[in-house]
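The values are calculated or read from the model by the stated rules, or taken from the named source; none is laboratory data. Values in this document were obtained by computation on a predicted structure and should not be read as measured data. Note that we place each Cβ from the backbone using ideal geometry, even for glycine, and neighbour counts take in every protein chain shown.
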Amino acid sequence: MASYREHTLDGAGAVDLVVALYDGIIRFLYAAITAVDRGDADARRAAVKRALDIIIHLQARLRMDVGGRPAQALSEFYAAIFAQILQASQSASSAKFQHAIDCVRNVRDAWREVALDPNANSDSPRVLMMTSRPAAAAPADTASGSSWTA
């Protein structure tokens, strides 16, 4: 399955990759809920760590110099959702994890609309801080091998 995902993302654009990362956050938060329901603290912590790793990756790739206010808003969102996930994990609360999922899904859906917009020109992603940075300037993500930035 991992190989299928890698090949699916090979030709994906920057916005599609962001959507895929949001999907990953959501998937790991659902895994955390399942772990809470089973009473499996180790699985909960592992799922939370994976979700938080994605959030850290997304935040690290923000280009404040290019993105301006939208980049700042995303940075604030990432900080807030990071804290919310930590709180959900600390209290082992399925309801708090579900709220975090709802918040992430809302932003994910906005990115998806950008990806699906047939009227978007090549400059549209730039409005949302999507710029390609050469691999030499930004180390490739070791998990996916990508060198894109948001």
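Residues being in a helix (DSSP H, G or I) and in contact (Cβ under 8 Å) with a residue 12 or more places away in the chain: count how many of those fall in segment 93-111.
Residues in segment 93-111 being in a helix (DSSP H, G or I) and in contact (Cβ under 8 Å) with a residue 12 or more places away in the chain: 13 in total.
Kindly establish whether A71 is assigned to a helix (DSSP H, G or I), at pLDDT 95 or above and more than 17 Å from R50 (Cβ to Cβ).
Against the criterion (assigned to a helix (DSSP H, G or I), at pLDDT 95 or above and more than 17 Å from R50 (Cβ to Cβ)), A71 does not qualify.
Is it the case, given these coordinates, that Q84 is free of Cβ contacts under 8 Å to residues at least 40 places away in the same chain, touching a helix residue (DSSP H, G or I) at 6+ places or on another chain (Cβ under 6 Å) and of a type outside the set (D, E, K, R)?
Here the answer is yes, as Q84 does meet what is asked.
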